[in-house]
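Shown next, in structure tokens, is the structure this report addresses.
The values are calculated or read from the model by the stated rules, or taken from the named source; none is laboratory data. Since this is a predicted model, take the numbers as computed values, not measurements. So basically every Cβ, Gly included, is an ideal-geometry build from the backbone, and we count neighbours across all protein chains shown.
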Amino acid sequence: MLPLWVGPGFNDSLGLPFESLDSATGAALPSARYRAMACARQLYVFSQASGPVAGRHADRLFDSLQRIFRDDRGGWRYSVDGQGRPLDETQDLYTHAFIVLACAAYFQRSRNASARKLMLATARTIEARFKTTDSLYHAALSADLSQPLKPPAQNPMMHLTEAYLAAAQVAEPALFAQHLRGLAQGISQFFVHAPTQCVSEAPQGSSGNRLEPGHQFEWLSLVQESAQVFEGLDLAESLPRAVQWSRAHGVDAGGVIASLDESGRVVDDTRRIWAQTEYLRVLAVMGDKPALDAELTRFRARFLHAGGWYECLDAQGAVTRSDMPSTSPYHLATCLAALQNVVS
């Protein structure tokens, strides 16, 4: 899949990946915007990939990330338009988390000191501007980083956990462990649904709250792969039960269900490729080889094809989304990294 994003999936004049490719032809689809998060995810993937072509592409992506998306206030603009001009200058935690993750991965690959410096500067901005008094983090701030726009939400904080775990591998492990333990305690206090032990998408008590099985799988993979950081915390105890509940209620013959309500009723029956990869990943992390073998066979048959992948299916296996987003190779890469440990 990577050659797609070096070739037709890369806008050479801007130095950015197109947002999506046509699943049938592999051709780039017109992009009205380019997101910093999408560029960061691609930087992460190419930093992890082997070979000189991937290394050179990672260099190009890192240059574009800084040049196009870094703002003068120490933050990162959310998106630019089709000509590379600022489009949405919202300060988005999800974006900032992927900047930290990508810079950590790129520094490990390239030993470029600028990547480590940028990673640390972005983490300082997150801690100074996004953090709340409850050890949580606002999901979005105004362009000048002064006003909260969105309250804390599960998904950005999960990816911040992932980012800080990666950052701790290259700088200040004790400091990042302190941030991670505080964040984990905040998640347990405000987001864990007691009957299921699942991490909900919004804080407990929010109207219309959802439980996403894929996120339970993703959380457990992160925490179990870095068990020493989270040792003794409630989150490390609750997540195995959340995964057990999610496997019972959120996975069927069609794959992983997108979301459920807190009683276990289906809210969104879409089968998204990222949730399937996170299920494969957690089965690998847990060492459940029989289940993994069966799910891999089903995944190959339903989601992969000779030219790439299917992004979304319905419960019967019909394709409901015909493009391949530039963000999905990140999930495929993290899944493959876990599979290497258990699949021969």
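Within the stretch 254-273, which residues are out of contact with any Leu (no Cβ under 9 Å at 6 or more places or on another chain) and in contact (Cβ under 8 Å) with a residue 12 or more places away in the chain? Show your work before the answer.
First, the residues of the stretch 254-273 that are out of contact with any Leu (no Cβ under 9 Å at 6 or more places or on another chain): 256-258, 263, 265, 269.
Within the stretch 254-273, Val256, Ile257, Ala258, Asp269 meet the criteria.
If a residue has to be more than 9 Å from Arg272 (Cα to Cα) and either under 22 Å from the mean Cα position of the chain (by Cα) or of a type in the set (S, T, N, Q) (or both) to count, how many in the stretch 304-313 make the cut?
Total satisfying the criteria: 3.
How many of the residues making up the stretch 52-99 are within 16 Å of Ser146 (Cα to Cα) and among the hydrophobic types (A, V, I, L, M, F, W, C)?
Qualifying residue count, the stretch 52-99: 2.
Mind checking whether some residue in the stretch 311-321 is surrounded by fewer than 13 Cβ atoms within 10 Å (Cβ to Cβ) and closer than 28 Å to Val223 by Cβ?
No: zero hits.
Picking from Ala242, Ala306, which residue would you name as being modelled with pLDDT under 95 and either buried (at least 16 other Cβ atoms within 10 Å of the Cβ) or in the same structural domain as Ala227 (by the TED database) (or both)?
Values: Ala242 fails: modelled with pLDDT under 95.
Going through Ala242, Ala306 in turn, just one is modelled with pLDDT under 95 and either buried (at least 16 other Cβ atoms within 10 Å of the Cβ) or in the same structural domain as Ala227 (by the TED database) (or both): Ala306.
Within the stretch 34-45, can one find any residue that is without any contact (Cβ under 8 Å) to a residue 24 or more places away in the chain and among the charged types (D, E, K, R)? Spell out the reasoning first.
Residues of the stretch 34-45 without any contact (Cβ under 8 Å) to a residue 24 or more places away in the chain: none.
Within the stretch 34-45, none of the residues are without any contact (Cβ under 8 Å) to a residue 24 or more places away in the chain and among the charged types (D, E, K, R).
Does Gly84 meet the test of being among the small types (Gly, Ala, Ser), in contact with a Ser or Thr (Cβ under 7 Å, 6 or more places away or on another chain) and assigned by the TED database to the domain that holds Ser142?
Numbers: among the small types (Gly, Ala, Ser): yes; in contact with a Ser or Thr (Cβ under 7 Å, 6 or more places away or on another chain): no; assigned by the TED database to the domain that holds Ser142: yes.
No: the conditions fail for Gly84.
Could you check how many residues of the stretch 37-78 are closer than 21 Å to Ala123 by Cβ and either of a type in the set (Phe, Trp, Tyr) or not assigned by the TED database to the domain that holds Pro17 (or both)?
5
Can you give me the ranges of the helices (runs of 4 or more DSSP H) entirely in the stretch 44-160 with at least 2 residues that are aromatic (Phe, Trp, Tyr)?
On the way: elements: 52-64, 93-110, 113-125.
Result: 93-110.
What are the pairs with Cβ atoms under 7 angstrom where one residue, in the stretch 54-79, is more than 16 Å from Arg33 (Cα to Cα) and the other, located anywhere, is among the small types (Gly, Ala, Ser) and buried (at least 21 other Cβ atoms within 10 Å of the Cβ)? Sequence gap at least six, or different chains.
Ala58/Ser47; Phe62/Ala115
Going by the structure shown, is Lys150 under 20 Å from the mean Cα position of the chain (by Cα), farther than 17 Å from Ala40 by Cα and in contact (Cβ under 8 Å) with a residue 12 or more places away in the chain?
Details: under 20 Å from the mean Cα position of the chain (by Cα): yes; farther than 17 Å from Ala40 by Cα: yes; in contact (Cβ under 8 Å) with a residue 12 or more places away in the chain: yes.
Criteria met by Lys150.
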